[in-house]
Amino acid sequence: MDDGDEPVPYVMDEGVLLPLLFPPPLPADDDATGGVSPSWVYLDVRAYVSPDPVSNATTAISTTTTGVRIHVSFCLARPPRLSYLCVHCPRPGDGEGAYRFTVDPRVIGTHADVALLRVPNPNDGLHRGIKSYDYFVYTARPGPGASSLRLLPNPRVSPFRNEEVAIVRCSGGARYVIACLMPTIRRPMEFKVMRFDSDVGRWKSTAVSISEPVERDRVLPIPDTASQVVFHCTTKVITLGGTIGWVDLWRGILLCDDVLDQHPVLRDLPLPKPARSNRKSFCRGPPHHYRDITVVVQDSVPTCINN
């Protein structure tokens, strides 16, 4: 699942550019009402906006911080087709239509049956260019009315960088944790983690340390030609079971085995050197054109593959 922002088509409406994010039709042999039950799916990172109600067995309802009713439905498709989440915010009163968005809602993290969803406030900034976001956790459960949509409290970090946030379902229950790794301005190897524990219901900021040895400066030192000279810049997040990995695609991964620990510790895992043809670009701008990393599950054992 690529978390990068992709261009989307726009239409002019009263002099304002609005994204065309109406949900695509599902193939005829798939059932948008929840009849499809694959053991896994490919999930589109864009959550589509529907001008009409989309109601099926997966629909969950909540309210935004501005008091707007929000419906989220899971439209399932058999792999390799893309499944997607569909957002609908009805205006109050019959026949009043739906609220619009100037930015598309995004799925910024998934794990097991939970998805972290970033939703811009409907109509917010329509004429002012100012945008603010709500964050919801959508939990997909079997059975009509069983899925849930939870509005998270304001994390006071607005907005999150999508690349820094992970959500992890804890084993053996309904608990999950959201974690965002952020550098501090004091030292290049000092970080803090913002965590939301579903059992506690609030955000907490904690300083984290990196365990010794820190190998990346020896294995993959920053060259003199680099324009990016920071120790670690997170470009994506991966999960390995209950372990979270904040990935700097140029240099390495910071792994946290127990994000719920009172004093979490990061482990440094250097990445291999870039291919010889790409070394002139090493640490010079975004790495996504040159390398990427994904997690492949084989016999229930997650494996990292780096290119």
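Once region 10-54 is narrowed to residues that are among the acidic types (Asp, Glu) and closer than 20 Å to Cys89 by Cβ, the residue that is modelled with the highest pLDDT is Asp44. Scanning region 157-192 for residues that are part of a strand (DSSP E or B) and either on the phi > 0 side of the Ramachandran plot or surrounded by fewer than 11 Cβ atoms within 10 Å (Cβ to Cβ) (or both) returns no hits. For region 286-306, the candidate set comprises residues that are loosely packed, with under 12 Cβ neighbours inside 10 Å and in a loop (DSSP other than H, G, I, E, B); within that set, the residue that is modelled with the lowest pLDDT is Ser300. When Ser227 is tested against (1) surrounded by 13 or more Cβ atoms within 10 Å (Cβ to Cβ); (2) in contact (Cβ under 8 Å) with a residue 24 or more places away in the chain, just one condition goes unmet, and that condition is (1).
When Arg195 is tested against (1) outside any strand (DSSP E or B); (2) of a type in the set (Lys, Arg); (3) in contact (Cβ under 8 Å) with a residue 40 or more places away in the chain, exactly one condition is not met: (1). Out of Asp268, Asp217, one residue alone is part of a strand (DSSP E or B), assigned by TED's automatic domain parsing to the domain that holds Val297 and of a type in the set (Asp, Glu). It is Asp268. The set of residues in region 55-74 that are buried (at least 19 other Cβ atoms within 10 Å of the Cβ) and either within 18 Å of Leu116 (Cβ to Cβ) or modelled with pLDDT under 85 (or both) comprises Thr58, Ala60, Thr64, Ile70, His71, Val72, Ser73, Phe74.
For region 213-249, name all the residues that are aromatic (Phe, Trp, Tyr) and at pLDDT 95 or above.
Matches in region 213-249: Trp246 only.
The values are calculated or read from the model by the stated rules, or taken from the named source; none is laboratory data. The structure presented is a predicted model; accordingly, all values stated were derived computationally and were not measured. As a convention, Cβ positions derive from the backbone with ideal geometry for all residues, glycine included, and neighbour counts pool all protein chains shown.
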